[in-house]
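Any read-out appearing in this document is the output of simple, stated calculations on the displayed coordinates, not a laboratory observation. What you see is a predicted model, and the numbers here were worked out from it, not measured in a lab. FYI the Cβ positions are ideal-geometry reconstructions off the backbone, even for glycines, and counts take in every protein chain you see.
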Amino acid sequence: MATSYDPVAVAAAVAAIGVLTYACRLSFIALFGRLDEIPSGVERLLRFVPAAVLAALVLPSFVTLDAATFAADKFVAGALAAGVAWKTEDVFATMATGMGVLWAVRFLF
């Protein structure tokens, strides 16, 4: 599918987004490089960043508002994996449960 966007404008947009992303990441490195100690409030908040990023990446793959594209196998596997994660707090057990249930549901049904 062809677009009507000028290739130079597309390249400029990609370059601008890249520069802004790099500047955003560099600002944190520069900020924490100048601090002797990270404030405790910031440190507490940063503990939740990996879980929030993982949830933002994983959740949309098995939760949808469109009934036509609802994947029950992914939803069941994700729900059981979430229960295992909550109960055991073990990453390997969570991944093994989620993938095992997904494969079992797809194989059996």
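A few remarks follow.
- Of Ala93, Ala55, Ala16, the one that fluctuates the most in a GNM where the chain has Cα springs shorter than 10 Å: Ala16
- Overall Cα dimensions of the chain, principal axis frame, Å, largest first: 52, 51, 22
- The chymotrypsin sites (Phe, Trp or Tyr not before Pro) of region 9-51 meeting both criteria, a DSSP state outside H, G, I, E and B (loop) and at most 10 other C-beta atoms within 10 angstrom of the site's C-beta, are Phe48.
- The shape of region 48-109 comes out oblate: with a ≥ b ≥ c from the C-alpha gyration tensor, a/c is at least 1.5 while a/b does not beat b/c.
- Taking only the Cα atoms of region 1-46, the ratio Rg/Rh comes out at 1.32, with Rh defined as the Kirkwood radius.
- Once C-alpha pairs closer than 8 Å and six or more residues apart are averaged by separation and normalised to the residue number of region 48-109, the relative contact order reads 26 percent.
- Separation of alpha-carbon centers, region 83-100 and region 11-66, rounded to whole Å: 25
- For the chain, modelled as a GNM whose springs connect Cα atoms under 10 angstrom apart, the maximal fluctuation among Gly18, Gly78, Gly33 occurs at Gly18.
- Take every Cα pair under 8 Å whose residues are at least 6 apart in sequence, average their separation, divide by the length of the chain, and the relative contact order is 14 percent.
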